[in-house]
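Taking it in order: structure first as structure tokens, then the write-up.
The values are calculated or read from the model by the stated rules, or taken from the named source; none is laboratory data. Computed from a predicted structure; not experimentally measured. So basically every Cβ, Gly included, is an ideal-geometry build from the backbone, and we count neighbours across all protein chains shown. Areas reflect the complete protein model, heavy atoms only, side chains present, ligands, DNA and RNA absent. Shrake-Rupley method; radii C 1.70, N 1.55, O 1.52, S 1.80 Å.
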Amino acid sequence: MNKLAQEKSAYLKHSAYQRIDWNPWSDEVFERARLEDKPVFLSSGAIWCHWCHVMAKECFEDEEIINLLNEHFINIKLDRDERPDIDRRYQQAVALMGAGGGWPLSVFLTHDRKPFFGGTYFPPDDRFGRPGFRKILKTVSEYYRESKDKINKYSEMIINSLKPDNLRHGDIEKGAIDEAVKAIVSEFDPQNGGFGSAPKFPMPGAMEFLINRYFFTRQESISFVVRKSLYAMAKGGFHDQLAGGFHRYSTDEAWIMPHFEKMADDNAWLLRNYIDAYSVFGDEYFRETAEGIINFVKNVLSDAEGGFYASQDADVTPNDEGGYFTWTEKDIREPLTEEKFRIFSLHLFNEKGSMHHDASKRVLFVSKNVKDIAAETGMSNERIYEIIKIAKGKLLAERYKRHAPFIDTALYTSLNGMMITSYIKAARAFGDNSLKEFALKSLNRILGMHFIDNELFHSAGVKALLDDYIYLTEALTAAYEATGNSSYLEKADMLIDTCIKKFWDSGGSGFFDTDSEVIGLRLKGLEDIPHPSPNAAAIMLLLKLYHLTDKNLYMQYAEKALRVFSLRAKDIGIHAGYYYAALDAYFNMLRLTLYTTRESDLAVTALSAHSPYASIAYADDRGYVLPCLKSECMEPVYSAEGLKIFLKNRGIKNIQ
């Protein structure tokens, strides 16, 4: 009997109608597998996942497959957003088996939760070079009956291989910063922007590091990498050209063809990148892109009572990938005049955006810029901008008439922490108080929902993970800096202390991802995959809290983590991007103590002016701001203009 109907997860509820005997993850399910001597089939995915929906339709509605699963297996459905800790371990296990990774994750387990076979999407029959799922079910069932000893030995070997090695400690070296820049830039794609080859993910940790390095060094080579990449992403189909916000990743090297789901975490980090790029380069296109992300989040991922939703699905139906976001020529012609259609098509409607399953439908991306269209048509730039703006508005209105993809309204602590911090950054950079007020409203709601009797939760009934502690504490710290309200800093101080007690590896330094073993494992990673690693974010946070609280213990933990991950960071290059941002902050974090009122021009300037790795502390009103770098304090600054000059000169003096 299917037992998913009463689950909180939208993804699990989505599978409740299926005739498969699905169970949520629980001890009782594995005990049943032991008693019935059956293997466990675990299907992990998410409500936003296109191929999860495809496999559900092709396989989980197939009569023979349903019967095979119900007769020969104990079946578990897992929401990877609700239980990322469980999903992460089996993702790594399947990758170790040589079957790649991603969603849906399809993995077979023993009754003691150990994986012995797995993969991702399987078609019902042999197709795309993949074995058919019904064949796999028959083969696995037979192998389980006949070869339990081999399965037990192999699954034990997989689990042991996943246990983290003891990392060799390295040194905290200033020279590693320049070496990291070289390593990251070496992976840059000069033709298309971004890093590596298809599929392409934004790497916001590395991007933040490079933006800040440019601020300090003014190296044009870094400027080119940053600007080319941010422009390429914003002009591509990877960026929603009508409603703003970014899809999850690009399937091609040129950022044209996205995987269409839109995630809170991706957009939170990209918002930070575009805000910082605008602040450093002064490019209005970066500000426009950042404001587009904010508009998308406001309209789609925000709860009126406070809080940010997890995601918007890629599709309405699995048969029409990206259908909500794509356009035919007829779709565009109908609401537009001939002139507007011609200009809009030159700008955004190009055959390179044609969908693989239906070439009449296209992803919108910038294929010709305004200047080139002006040269081709003889119109002024201003007139073309006006036409494009009007046409975008009309087409967005038409899109809103379509049946929209599902929105997962779960309010996960970690995702909310990320977005709250990003909103506060936007409020400071753009002077938009409404963003700050909504961020604070959201922060208070998440604390009320998920911090219960001094225990933090990821979501209702799910214990908090490292990500939850780090990103909520970061949000509290950002709230303190934006308001001067010491209660936020006190809560941040209390949460990071709890986090250290629960997650710190006392035997080897760094943070584990969980406070206890999950399937016999506690993992300790550094990789940005693709948004920043919580261990790297933790180092950055500890440094900031040291500067705000003067607690030497936080600096000591930050230094231990920097040392334990230093050699690993050199091995993984761009995937240690945010670690290197934290290392950069170790040498360059500036403390600005506001001996002034929160409403003064000095305070407003301190909060709005961009200065990488700056911490804002508050003290009694004496009419000045005191800047300190590490243990050295400089002359007090008494005027807003003087503070602007001081902060700008940080970049000119090539501090390292």
Return the residues of the stretch 26-59 that are open to solvent by 50 Å² or more (accessible area, probe 1.4 Å) and of a type in the set (A, V, I, L, M, F, W, C); say none if nothing qualifies. Leu35, Trp51
For the stretch 1-16, which positions are farther than 23 Å from Ala264 by Cβ, open to solvent by 80 Å² or more (accessible area, probe 1.4 Å) and either within 25 Å of the chain's Cα centre (by Cα) or in contact (Cβ under 8 Å) with a residue 12 or more places away in the chain (or both)? Met1, Lys3
When you go through Phe438, Phe365 one by one, which is the residue that is crowded, with 17+ Cβ neighbours inside 10 Å, of a type in the set (Phe, Trp, Tyr) and closer than 18 Å to Tyr309 by Cα? Phe438
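In the list Asp620, Asp601, Asp584, which residue meets the criterion of being charged (D, E, K, R) and open to solvent by less than 40 Å² (accessible area, probe 1.4 Å)?
Working: Asp620 fails: open to solvent by less than 40 Å² (accessible area, probe 1.4 Å); Asp601 fails: open to solvent by less than 40 Å² (accessible area, probe 1.4 Å).
Result of the check over Asp620, Asp601, Asp584: Asp584.
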Looking only at helices (runs of 4 or more DSSP H) that fall completely inside the stretch 48-133, which ones have 1 or more residues that are over 26 Å from the mean Cα position of the chain (by Cα)? 50-58, 63-72
Considering (1) modelled with pLDDT of 95 or more; (2) in contact with a Ser or Thr (Cβ under 9 Å, 6 or more places away or on another chain); (3) open to solvent by 20 Å² or more (accessible area, probe 1.4 Å), say which one Phe308 fails and leave the rest. (3)
Residues being touching a residue at least 40 places away in the same chain (Cβ under 8 Å) and open to solvent by less than 20 Å² (accessible area, probe 1.4 Å): count how many of those fall in the stretch 503-517. 6
Do we have any residue at all in the stretch 426-434 that's buried (at least 23 other Cβ atoms within 10 Å of the Cβ) and not in a helix (DSSP H, G or I)? no
Scanning for something farther than 19 Å from Gly236 by Cβ and under 33 Å from the mean Cα position of the chain (by Cα), does the stretch 334-347 turn up at least one residue? no
If I filter the stretch 105-119 for residues that are open to solvent by 20 Å² or more (accessible area, probe 1.4 Å), of a type in the set (A, V, I, L, M, F, W, C) and modelled with pLDDT of 95 or more, do I get at least one hit? yes
May I ask you to list the residues in the stretch 467-480 that are touching a strand residue (DSSP E or B) at 6+ places or on another chain (Cβ under 9 Å), among the charged types (D, E, K, R) and open to solvent by 10 Å² or more (accessible area, probe 1.4 Å)? Asp467
Tally the residues that are without any contact (Cβ under 8 Å) to a residue 60 or more places away in the chain and open to solvent by 10 Å² or more (accessible area, probe 1.4 Å), restricting the search to the stretch 81-104. 8
Starting from residues that are in a helix (DSSP H, G or I) and within 23 Å of the chain's Cα centre (by Cα), keep the ones in the stretch 446-466 and report whichever is surrounded by the fewest Cβ atoms within 10 Å (Cβ to Cβ). Met449
Restricting the search to the stretch 165-212, which residues are part of a loop (DSSP other than H, G, I, E, B) and open to solvent by less than 60 Å² (accessible area, probe 1.4 Å)? Leu167, Gly170, Ile172, Asp189, Asn192, Gly193, Gly194, Gly196, Ala198, Pro202, Met203
